Structures are given as structure tokens and as C-alpha cells.
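The values are calculated or read from the model by the stated rules, or taken from the named source; none is laboratory data. It should be emphasised that the depicted structure is a prediction, and the values quoted were computed from it without experimental measurement. With ideal geometry, Cβ positions are generated from the backbone for all residues, glycine too; neighbour counts draw on all protein chains shown. The area values use the complete protein model at the heavy-atom level, side chains included, leaving out ligands, DNA and RNA. Shrake-Rupley method; radii C 1.70, N 1.55, O 1.52, S 1.80 Å.
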Amino acid sequence: PYMDEVFHVPQAQAYCHGRFLQWDPMITTLPGLYLLSAAVVKPAAWLLGWTGSVVCSVGMLRFINLLFSAGNFYLLYLLLFKIHQKNKAVSGFQRILSALTLAVFPTLYFFTFLYYTDPGSVFFTLFSYLMCLYGNHKTSALLGFCGFMFRQTNIVWAVFCAGNVVAEQLNEAWKIELQKKKDEKISSRKGSFSDLTRILQFLVEYLLSPKNLVTLTALTWPYIILVSLFFVFVAINGGIVVGDRSSHEACLHFPQLFYFLSFTVFFSLPHLLTPTKIRKFLLSLRKHPVQYSLITVISLFLIWKFTYVHKYLLADNRHYTFYVWRKVFQRHELVKYLLVPFYIFAGWSFADTLKSKSIFWILMYFVCLLAVTVPQKLLEFRYFILPFLIYRLNVPFLSLYRQLLELAFYILVNAVTFYLFLNRTFRWENSDEVQRFMW
């Protein structure tokens, strides 16, 4: 067992042996992974006649995540098919290729081979999202509960599923509103400040109407029950974290949004960093200097007042984030401010690739993105997996050439990561254990 596996593996083995009251106080997540592992491994061992140490061994438990990984590939394919079903120009091969690319997304793929909660957490969240898109909201909420049992922050993605339903209703009502006023200027000047204020005004009016609230409640009640159960859990538990709370304190860490945008640009290089994109961004800068100046000032203020550095980030030299922080952010006090232009480009690119979605969907996704990233004090790339996948599923399909480029890029990153993990081992002065580099 390596890293967090030293907590996860013994806990799963205790469940395998029927000791369901045993709990390691260092574990911060709910026992979904351990319960499911015991439910899969024990019947399999009985059917295949396995006995002794092989049952619930480290290798057997890691195999559970391999099953989740295969499931994630299939779910990603189904989601791409459902989300982009109107795009008839995309071939079946391109859908499979895109699903394969996302299935080997480096930060997620690495943890397929360790006994971590990430593959299972992604599986149940993607499954919940798929059921939501097909209108099966009771099943979606139930799967959302399973996702919550793997990681508490997944409750945000249950809210996201409810938000999908709300966004659809708002979009239909907005179209009717436009039709009534026959005001084509609103839609043609999409993105201007006056349009945004009118949309926000419409949003407030719509959500304050009792009739509309009853309609939305009737559509989203399974998610409302799930979120209510979440608040009951938080009240009884005294917080979101189950175990080691001292190392997982919630705070308003707004720069996490900038780190996520940078992470997204890095893993979207094949289709974000193109000469056309850069020219388009520079043109946008020239057309809206006041808005960009305001965004710059707000960004600088958020970095100044809300940057937090977790003790793990500074102390644990096994994670890539340690080196990102040391080599980039700790070079000089001003570096974090000098990166603001890059953050603005990353934010613009991010928003530009989602422009095919409705304004209400974008607002809803952005709220969920803030909820899942900002409260985290620790900079941890694993926390970005789900928001990235949901973003990537909803952007338009790339050309076949760019898809192949993206897949090749992900394979290269995976190859380097596995090489470093397996071959570039090191030791700490005060420990005899072998240490390895990882996400």
C-alpha cells in the first residue's frame, strides 16, 4: 500500500472480515468505496473458490478501480453521444476516440491503479449525470447519493444535475420572453453588459414566482431530498469532513478557480492554444478594455486577500503540486500577481469553448465550479478531475487531427507519470520507506 492506501486498504480489509464498526479516524471520506469493495470481492471469492490472503488483498482491491475505469470509459461514450446527439457530422469513431481520450485523462487514469476513491467517485457522478440527461431523476439522485458516499463534495454535482433541469426550464421561458417582446437585439448582442443585466433580472423574476417554484420543485424533488439529507449529515457530523478535520478546513480560497483554469488550459492545449484563439482573445481585449481592466483589478484583489498555502503543499515533496508551487509561486512574491494575464486568457478560453451552451447552463455550471473548488484550502489536482470532465464533455467536438493530438498528449503525460512513479524513487532521511512521485 502506498500513500493514502495505508488508510484505505486496512479499512476495506476490516469490512471484508465483517468488522463494520472499525473506523480509521484519519480517513476523511464516507465508506462507500469500502462497502462496495466488500460487496464485490466477497461474492467473487466465494464463487471462484479463493481463500486466504488473496481475498481483499491490495491487488484485489485495486482491481475494483480497474472495473470503475472500464465503466467510466463506457459512461463517457454514452454522455458524449447524448450531449452531442444533434451534431450529425461527428462519426461513431470520433465519439469512441473522444471517450477513450477522456478515459485516459492523466490525473484520473493514474489513480485507476491505486486503491483511491477517485475512479469510483467519477463513475457514480458520471452515471448520475447520464440518468439526469435522460430524465430519470430518481435514479440520478440515487446514483448521486452513491457518489456522495465516495466523496462528500460530490453533492455539488447532484446540485449540478438539478441545475440542468432548472437551466432547461429557464431557457424555454427565456425564449418565450424574447418571442413576446420580439427583441432580436438581445440574442444578437449576446455577451454585452445590458444583456446580462436583463437576463439576471429575468432570472430573479422567474425564481420569485410561486408557480415557477412549484414547477421546478416537482421536477427536481429527488435532488432536493438528497441535498436535504446532506444538510442533515453536516448538522449531525458537525461538518463535511468525517475524519482528520485539522488538515481539511474549509475557507474562501478564490485563487483555486485560477489554478483550475490553468489546469484546464494545460490539459486542453491541443484545442485552446491556437493562433486563431490568441488573435480572437487579443481582439476581445481591444473591444472591451474596461471590462478586462475590472476583471484584472478583482483578480489581483482576490489573490492578495484570499491566497492560502496548506502545510501539505509545502511539506510533501511526493506530489507534483509541491514542485509547481516551489518552482513557480515561491520564486518571488510578485509571481502570483504576474500570472493574472494568463488567468484571464485561461478564463476567456474556458468561456469561449462553452459558448454553444445556454447562458443559464453556464451560470449554473459556474456556481457549481465555485462551490467545488473555492472552499478547498489544499491545492490538489485530484479535486479538478470532475469539473474538468464535465466541462470537456460539453465543449464542441474537435477535428479528428486535434482529437488524435489530444490523445497523444495524454498518453505522453501518462507515460512520464508512470515512469517517474516506478523508476525515480527516493527516500526521506527519517524514513526507510521508498517514496515516489505522483499527482
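Dimensions of the stretch 386-426 along the principal axes, based on C-alpha atoms and rounded to the nearest Å, stand at 43, 25, 7, largest first. Taking every alpha-carbon pair under 8 Å whose residues sit at least 6 apart, the chain reaches a relative contact order of 20 percent. Note: relative contact order over the stretch 22-143, using C-alpha pairs below 8 Å and six or more positions apart, is 26 percent.
Taking max minus min of the alpha-carbon positions on each principal axis, the stretch 1-65 gives extents of 34, 24, 18 Å, largest first. Here the Karplus relation 6.51 cos²θ - 1.76 cosθ + 1.60, evaluated at θ = phi - 60°, turns the backbone of the stretch 231-237 into coupling constants of 5, 5, 4, 4, 5, 6, 6 Hz, with x for every Gly and Pro. Charge tally around V9: other residues with Cβ under 11 Å, Lys/Arg +1 each, Asp/Glu -1 each, net -2. Computed over the stretch 16-140, the P(r) tail beyond 18 angstrom holds 62 percent of alpha carbon pairs.
Length gained on full extension, D24 to I83, computed as 0.36 nm times the residue gap minus the Cα-Cα distance: 17.2 nm.
Relative to its Kirkwood radius, the Cα radius of gyration of the chain gives an Rg/Rh of 0.97. Ligands, DNA and RNA excluded, the heavy atoms of K311 present near 120 Å² of accessible surface to a 1.4 Å solvent probe. Bridging of K377 to aspartates and glutamates at a Cα separation below 12 Å is possible for E249, once same-chain residues fewer than 8 apart are set aside.
Taking the stretch 319-425, how much of its Cα-Cα pair set, in percent, is spaced more than 21 angstrom apart? Above the 21 Å cut-off, the stretch 319-425 has 54 percent of its Cα pairs.
Dividing the summed -39500 (n - 2.57) terms of all DSSP H runs of n ≥ 4 by the residue count of the chain sets its mean residue ellipticity at 222 nm at -22000 deg cm²/dmol. Taking a straight Cα-Cα cut-off under 16 Å and skipping sequence neighbours fewer than 8 places away in the same chain, the lysines within cross-link reach of K82 are K357. Using only Cα atoms, locate the centre of the stretch 208-232 and the centre of the stretch 36-87, then give the distance between them in Å, rounded to an integer. Between the Cα centre of the stretch 208-232 and that of the stretch 36-87, the gap is 33 Å. Per residue, the stretch 226-275 exposes 43 Å² of accessible surface when a 1.4 Å probe is rolled over the protein heavy atoms with every protein chain present. Only protein atoms count toward the accessible area here, which uses a 1.4 Å probe; on the chain, the carbon and sulfur part of that area reaches 68 percent. Counting only alpha carbon atoms, the long axis of helix 400-423 and the longest principal axis of the chain meet at about 30°. Between A218 and S91, the FRET efficiency estimated from the beta carbon spacing at R0 = 41 angstrom works out to 0.55. Computed from backbone phi with θ = phi - 60° and the Karplus coefficients 6.51, -1.76 and 1.60, the 3J(HN,Hα) list for the stretch 50-65 is 6, 9, x, 6, 5, 6, 6, 6, 4, x, 5, 5, 5, 4, 4, 5 Hz; x is used for glycine and proline.
Normalised by the number of residues in the stretch 308-439, the mean separation of alpha-carbon contacts (under 8 Å, six or more apart) gives a relative contact order of 32 percent. Accessible surface for K180 stands near 150 Å², nearest 10, in the context of the full protein assembly shown (1.4 Å probe). Cysteines of the chain lacking any other cysteine Cβ under 4.7 Å from their own Cβ: C146, C251, C368.
Relative to the longest principal axis of the Cα atoms of the chain, helix 275-287 runs at roughly 50 degrees.
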